[in-house]
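The values are calculated or read from the model by the stated rules, or taken from the named source; none is laboratory data. All values reported here derive from a predicted model rather than from experimental measurement. When we count neighbours, we look across all protein chains shown, and the Cβ atoms used for this are built from the backbone with ideal geometry, even at glycine. Just the protein is used for accessible areas: all its heavy atoms, side chains included, with ligands, DNA and RNA removed. Shrake-Rupley method; radii C 1.70, N 1.55, O 1.52, S 1.80 Å.
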Amino acid sequence: MMGQQTGVQDRLFYSFNLDDHVPSTHMLRGIDRFFDLGDLRKHLAPFYSHTGRPSIDPELMVRMLIVGYCFGIRSERRLCEEVHLNLAYRWFCRLGLEDAVPDHSTFSKNRHGRFRDSEALRHVFESVLRRCMTEGLVAGEGFAIDASVIKADANRARGIPGTEAIDWRQGEQQSRAVREYLEALEGSNPTDEDISASTEPTTPAKNISLTDPAARWTAAPGGPAFYAYSTNYLIDLQAGIIVDVEATPAYRTQEVESTKIMVDRVAQRFGLKPRRLVGDTAYGTGPMLGWMVQEKGIEPHVPVWDKTERKDGTFSSSDFAWNEQENEYRCPEGHALRSDRRAFKNPRTRITKADTIIYRASQSDCATCPQKGQCCPNTPTRKIARSIYEAERNVARAIAATPEYQQSRCDRKKVEMLFAHLKRILKLDRLRLRGLSGAQDEFLLAATAQNLRRMAKWLVTSNQKTQEMPA
């Protein structure tokens, strides 16, 4: 007998429990086990008034944002619709069937106000990281560092050449991103001696966006250029947990310098100091290697940024023997290359702007040398530029010859997989918020969602397998 639905929906009372309708295997159940916002209200208390109408619970807004970033819901308007309709989302956000969902405009007001002023999103990220540490997912033995370029919310056509003067004070009312950019320029006065010149771009930006001037014009992934920011991840190699994240313009120097900020912050707030740091060639510059080896005592598991090897068949720097005691090189014919040929009353460092010391052979030795054609055929004498960080570079070269280094090369893929997950699963291939602080907010929320998903996958799945195993 064929059944037929009555379609009657006029019952007065229903017996309905949200918890009964959320599957036990749903991802949000695993995330909810490890996501605790008990101290968020205390953290935000100084930023709320003691009088007036009660505001929307900040824990509700954060939980909704976590749902959005976990499931790739990029629009806050659509997020409110999904939480309104989806029972699992309502359950995770602690909403009953009859509870109202906040308006999408509430997120913008709180994100640009209380959340940003109080660094609430950083607080949430670090609370999740502490839970990861408590559950034993962070070993602290080895870290990996890398950056990924994310498109900014800026039209390619709304830009001008970087060499052109811009009067930001005129025209229509300044946007939040422009005000933030101007405040950053005023705060980073280049005449201030406390600011390292290495953190500033060596060349002006080719193009500057009029809507988001802090974004960097780049063509890093190939194809047409666009405005972008970089998300920099510092991860623990044991389970691929993100221990810190930092937003920078898509500029190589600033990406590398952010490593120092993240390593110092993790050491200060969590007491984590890695024995080894894994990265690609971008992190193998002399100053970076010097910082790792001399200042932090970290083993650099990174390829050395080396431009000294020649490909024209002539002798490279590695063909010359270095004598530390005599402070000189010896060429294959045994002639000396020195930085000083005579003693000065006031000793000179001989350090160039490129942090190198030039060692030159004497003109008489090179003129009569039988191997001049293979050594310096186009110059009267041979010279070698030795980095002042050459000792640290040699440390990295020695590590590169060990089996542990080969394992580190494989471990580095964990951070690359996180970036692929960020763009393909969480749908964060283009930002919705503008300005460097907006990019930081989005990257922090995405990293928090990734850590929660990883924790739920590793711990809940392993517990279920343990329970299913026969006694």
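Just wondering, is there one or more residues in region 41-64 that are in contact (Cβ under 8 Å) with a residue 40 or more places away in the chain and of a type in the set (D, E, K, R)? No, region 41-64 has no match at all. Looking across P287, P303, one residue alone is more than 18 Å from the chain's Cα centre (by Cα), open to solvent by 50 Å² or more (accessible area, probe 1.4 Å) and touching a residue at least 40 places away in the same chain (Cβ under 8 Å). It is P287.
Quick check on my filter: what residues within region 168-193 are part of a loop (DSSP other than H, G, I, E, B), closer than 18 Å to E257 by Cβ and at pLDDT 70 or above? If the condition is that a residue be part of a loop (DSSP other than H, G, I, E, B), closer than 18 Å to E257 by Cβ and at pLDDT 70 or above, then no residue fits. Under the condition of being in a loop (DSSP other than H, G, I, E, B) and not hydrophobic (A, V, I, L, M, F, W, C), which residue from region 310-325 is most open to solvent (accessible area, probe 1.4 Å)? Out of the qualifying residues, it is K311. Among the candidates T231, T211, the residue that is open to solvent by 20 Å² or more (accessible area, probe 1.4 Å), in contact (Cβ under 8 Å) with a residue 60 or more places away in the chain, among the β-branched types (V, I, T) and farther than 30 Å from R386 by Cα is uniquely T211.
Filtering region 399-447 to residues that are open to solvent by 70 Å² or more (accessible area, probe 1.4 Å), within 14 Å of S148 (Cβ to Cβ) and without any contact (Cβ under 8 Å) to a residue 60 or more places away in the chain leaves K413, R424. Residue count for region 259-274, restricted to those that are closer than 19 Å to V293 by Cβ and either touching a helix residue (DSSP H, G or I) at 6+ places or on another chain (Cβ under 8 Å) or among the hydroxyl-bearing types (S, T, Y) (or both): 6.
Checking each residue in region 420-450 for being over 14 Å from T211 (Cα atoms), of a type outside the set (A, V, I, L, M, F, W, C) and assigned to a helix (DSSP H, G or I) picks out H421, K423, R424, S437, Q440, D441, E442, T448, Q450. In summary, K353 fulfils each of the numbered conditions (1) farther than 18 Å from S387 by Cβ; (2) in a loop (DSSP other than H, G, I, E, B) with the single exception of condition (1).
Criterion applied to A147, A120 was being within 21 Å of Q254 (Cβ to Cβ) and not aromatic (F, W, Y), and the one residue passing it is A147. If you go through region 46-89 and keep only what is closer than 21 Å to L444 by Cα and aliphatic (A, V, I, L, M), you end up with L60, M61, V62, M64, L65, I66, V67, I73, L79.
Results for (1) in a helix (DSSP H, G or I); (2) of a type in the set (F, W, Y); (3) at pLDDT below 95; (4) open to solvent by 70 Å² or more (accessible area, probe 1.4 Å), shown as yes or no for each residue.
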| site | (1), (2), (3), (4) |
| --- | --- |
| R63 | yes, no, yes, no |
| G96 | no, no, yes, no |
| H123 | yes, no, yes, no |
| F143 | no, yes, no, no |
| I166 | no, no, yes, no |
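Within region 451-460, the set of residues being in contact with a Leu (Cβ under 7 Å, 6 or more places away or on another chain) and either open to solvent by 10 Å² or more (accessible area, probe 1.4 Å) or without any contact (Cβ under 8 Å) to a residue 24 or more places away in the chain (or both) comprises W458 only. Only one of these is closer than 29 Å to G290 by Cα and among the acidic types (D, E): D365, D355. Name it. Testing whether each residue is closer than 29 Å to G290 by Cα and among the acidic types (D, E) leaves just D355.
Each residue in region 326-351 was checked for being open to solvent by less than 50 Å² (accessible area, probe 1.4 Å) and of a type outside the set (D, E, K, R), and 6 pass.
G271 is checked against (1) over 18 Å from A361 (Cα atoms); (2) surrounded by 14 or more Cβ atoms within 10 Å (Cβ to Cβ) and fails just one. What number does that condition carry? Among (1) over 18 Å from A361 (Cα atoms); (2) surrounded by 14 or more Cβ atoms within 10 Å (Cβ to Cβ), G271 violates only (2).
Screening D32, D19, D36 for residues that are assigned to a loop (DSSP other than H, G, I, E, B) and either touching a helix residue (DSSP H, G or I) at 6+ places or on another chain (Cβ under 9 Å) or modelled with pLDDT of 80 or more (or both) leaves exactly one candidate, D36. Selection within region 44-61: residues that are within 28 Å of L459 (Cα to Cα) and not hydrophobic (A, V, I, L, M, F, W, C). The member of this set that is most open to solvent (accessible area, probe 1.4 Å) is E59.
Scan region 125-137 and give yes if some residue there is polar (S, T, N, Q), modelled with pLDDT of 80 or more, open to solvent by less than 50 Å² (accessible area, probe 1.4 Å) and out of contact with any helix residue (DSSP H, G or I) (no Cβ under 6 Å at 6 or more places or on another chain), otherwise no. Taking every residue of region 125-137 in turn, at least one turns out to be polar (S, T, N, Q), modelled with pLDDT of 80 or more, open to solvent by less than 50 Å² (accessible area, probe 1.4 Å) and out of contact with any helix residue (DSSP H, G or I) (no Cβ under 6 Å at 6 or more places or on another chain).
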